[in-house]
Structure formats: C-alpha cells, structure tokens
Amino acid sequence: QVQLVESGGGLVQPGGSLRLSCAASGSIFSFNTMGWYRQPPGKQRELVATITKGGVTTYVDFVKGRFTISRDYTKDTVYLQMNSLKPEDTAIYYCNAHRFEVDYWGQGTPVTVSS
C-alpha cells in the first residue's frame, strides 16, 4: 500500500516562502505523475502543479512564477517550493501520485498566509 506523507506547512506572512515535502513509502519512480493539489477553506480541491516521470512540469496560472515543483529520487520525495505567498494561497495542500489509473493521496498539510 502506497503512503504519501506531506510536511512543511504552517503559518507565513504575505510575501513569505514555504517548502512542502511529500515523502512516499516506496519508489516514486513507479509513478507516471506526481503533483500537488490544494483545497482552500469552503472550496473544492484544485490542481496546483504536476511533474511527470519524464520531468515535465505544469502549473496552474495562479502559481506560475511563484511555485516550483521538484523531486528527489534518492529520497523518494516530491517538493513544492512556494514563494511570494499571498493570503489566497491559504489552503490544505495535498500530495498526489498517479499510476495505472489509480490515484494516491496524502493526508494534507495546512498552509496559512496571514499577517
């Protein structure tokens, strides 16, 4: 059974930075795509960024130029570097891994951007 464990969330002031981590229980090389989603308070879960096995990254418009997704195969970990954070980035951030038509999710890590 695949387990994904997110960490790195917390309270940060507007304009600040955070780096989220998603550690997998096994090799992340087996996944076709890994990504980050978020669920703002009272809203639906939404895509933030993805990275394919080939290293192709995609971002939604509202994070382009501010967030960077990356991975470390030696640590079986995917990261989300978040810079220039805004109050509207406040959400629970979830890690996702996809392979063979199956999605795996972590438990989420909360991010609050507030002064």
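Each residue in region 1-26 was checked for being under 27 Å from T74 (Cβ atoms) and either outside any strand (DSSP E or B) or polar (S, T, N, Q) (or both), and 10 pass.
Matching residues to (1) exposed (fewer than 14 other Cβ atoms within 10 Å of the Cβ); (2) among the hydrophobic types (A, V, I, L, M, F, W, C):
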site: T68; (1), (2): no, no
site: Y73; (1), (2): yes, no
site: V78; (1), (2): no, yes
site: V102; (1), (2): yes, yes
site: Q107; (1), (2): yes, no
site: V113; (1), (2): no, yes
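F29 meets the conditions (1) of a type in the set (F, W, Y); (2) assigned to a strand (DSSP E or B); (3) open to solvent by 70 Å² or more (accessible area, probe 1.4 Å) in every case but one. The failed one is (2). Whenever a residue of region 89-102 is on the phi > 0 side of the Ramachandran plot and modelled with pLDDT under 95, its partners that are surrounded by fewer than 18 Cβ atoms within 10 Å (Cβ to Cβ) and assigned to a loop (DSSP other than H, G, I, E, B), lying with C-beta atoms within less than 9 angstrom and at least six residues away or across chains, give the pairs F100/N32.
Looking only at region 32-46, which residues are assigned to a loop (DSSP other than H, G, I, E, B) and at pLDDT 95 or above? Show your work before the answer.
Kept after step one, since they are assigned to a loop (DSSP other than H, G, I, E, B), are these residues of region 32-46: 32, 40-45.
Those that are assigned to a loop (DSSP other than H, G, I, E, B) and at pLDDT 95 or above: P40, P41, G42, K43, Q44, R45.
Just one of the listed residues (A23, A91, A49, A97) is of a type outside the set (D, E, K, R) and open to solvent by 20 Å² or more (accessible area, probe 1.4 Å), and it is A23.
The values are calculated or read from the model by the stated rules, or taken from the named source; none is laboratory data. Small disclaimer: the values here were computed from a predicted structure and weren't measured. Glycine gets a Cβ as well: all are built from the backbone with ideal geometry, and neighbour counts include every protein chain shown. In case anyone asks, the SASA skips ligands and DNA or RNA and just uses the protein heavy atoms, side chains included. Shrake-Rupley method; radii C 1.70, N 1.55, O 1.52, S 1.80 Å.
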